[in-house]
Amino acid sequence: GCSWGYGPKNGPDHWHEMGFPIAKEGARQSPIEIKSQEAKYDCNLKPLNLSYDPASSKSISNTGVSIQVDFDDCSDRSVLTGGPLCGKYRLRQFHFHWGACDGHGSEHVIDGKNFAGELHLVHWNAEKYSCFGDAVKAPDGLAVIAVFLKVCDSNPALQKIVCSLECLKSKDSKSEFKDFSPCSLLPSCLQYYTYLGSLTTPPLCESVIWLVLKEPVTKQPLDCYRIPGSS
Ligand SMILES: NS(=O)(=O)c1ccc(S(=O)(=O)NCc2cccs2)s1
Ligand SMILES: [Zn+2]
């Protein structure tokens, strides 16, 4: 069909011919490979300042290409400030990218290392733009925190998300998802790399200030959930 995805016929190498020429012609396309030795320290950068209200989480859905938790972004309930950012960026949603096996799945790569997955917390500049749709078209409209995910034996915060997957088996399924604190998914150290890039999926808008955390978090191996009746 005409919808983009990650298959051999509709994956990233085809997106430019599926209505998103920016994939080939863009000036600041993400993801990128980060080479730590080439990163420059910038003393003007501030620490990231996250202020999230767990009561602002609304729902969790299977978008067909990811698992996404949406937040109430009608007011400044969950906001990101600091880092390279000017003003307050409102948390709109977070979602995941992962692979078929544990050796790959992250979008960004650090010094040639792939991680099992990557969590993206998507924020938009509500001080400067009146709605998300306007922000996603602006060069400083979005700020996305990227967190690398490693496989490990347990992560209680992810547990709540994984448990919700039971009733999200089909595309566009959605269920209530209240009182979730995204901070519980973050590593203790919020040191980050930052660069100007784009959405990593169509429409690939070049409107993202990327904040890629240096420290990964550990995620529950999904296969640790025994299916009742299986041996
Ligand atoms: N992987 S990522 O964090 O770079 C994202 C990809 C898409 C994102 S979105 O939530 O902004 N939707 C994009 C849009 C929907 C409708 C108009 S633009 S965030
Ligand atoms: Zn993403």
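The values are calculated or read from the model by the stated rules, or taken from the named source; none is laboratory data. Predicted model only: the values in this text are computed from it and were never measured. Methodologically, a virtual Cβ is constructed for each residue, glycine included, from the backbone with ideal geometry; neighbour enumeration extends over all protein chains shown. The accessibility values were calculated without ligands, DNA or RNA, using every heavy atom of the protein model including side chains. Shrake-Rupley method; radii C 1.70, N 1.55, O 1.52, S 1.80 Å.
For the stretch 206-231, filtered to residues that are over 30 Å from A135 (Cβ atoms) and of a type in the set (V, I, T), the residue that is modelled with the highest pLDDT is T218. Looking across the stretch 103-116, the residues that are away from ligand 2 (no atom under 13 Å from the Cβ), touching a Ser or Thr at 6+ places or on another chain (Cβ under 9 Å) and in a loop (DSSP other than H, G, I, E, B) come down to D111, N114, F115, A116. Note on the stretch 186-210: among residues that are within 13 Å of ligand 2 (Cβ to nearest atom) and assigned to a strand (DSSP E or B), the one that is farthest from the chain's Cα centre (by Cα) is G197. Checking P31, P8, P12 one by one, the residue that is in contact with a His (Cβ under 6 Å, 6 or more places away or on another chain) and part of a loop (DSSP other than H, G, I, E, B) is P31 and no other. I'd like the full set of residues that are more than 12 Å from ligand 1 (Cβ to nearest atom), open to solvent by 20 Å² or more (accessible area, probe 1.4 Å) and not in a loop (DSSP other than H, G, I, E, B), limited to the stretch 123-156. Residues satisfying the conditions are K150, V151, P156. Assess whether L50 counts as being among the aliphatic types (A, V, I, L, M), surrounded by 12 or more Cβ atoms within 10 Å (Cβ to Cβ) and either in a loop (DSSP other than H, G, I, E, B) or within 16 Å of ligand 1 (Cβ to nearest atom) (or both). Answer is no for this residue. The criterion of being over 15 Å from the mean Cα position of the chain (by Cα) and surrounded by 13 or more Cβ atoms within 10 Å (Cβ to Cβ) holds for A23. On the given criteria, is L119 open to solvent by less than 10 Å² (accessible area, probe 1.4 Å), assigned to a strand (DSSP E or B) and within 12 Å of ligand 1 (Cβ to nearest atom)? It is true that L119 is open to solvent by less than 10 Å² (accessible area, probe 1.4 Å), assigned to a strand (DSSP E or B) and within 12 Å of ligand 1 (Cβ to nearest atom).
Note on the stretch 88-110: among residues that are open to solvent by 10 Å² or more (accessible area, probe 1.4 Å) and either among the aromatic types (F, W, Y) or in contact with a Lys or Arg (Cβ under 6 Å, 6 or more places away or on another chain) (or both), the one that is nearest to D73 (Cα to Cα) is F96.
Six or more apart or on different chains, Cβ under 8 Å: which pairs go from a residue in the stretch 6-22 that's under 21 Å from S106 (Cβ atoms) to one that's open to solvent by less than 60 Å² (accessible area, probe 1.4 Å) and assigned to a helix (DSSP H, G or I)? Could you list them? Filtered contacts from the stretch 6-22: P12/A23; W15/A23. Residues in the stretch 157-185 that are touching a residue at least 12 places away in the same chain (Cβ under 8 Å), farther than 27 Å from V79 by Cα and open to solvent by 50 Å² or more (accessible area, probe 1.4 Å): K169, S170, K171.
Does the stretch 2-13 include one or more residues that are farther than 22 Å from C205 by Cα and acidic (D, E)? No, every residue in the stretch 2-13 fails to be farther than 22 Å from C205 by Cα and acidic (D, E).
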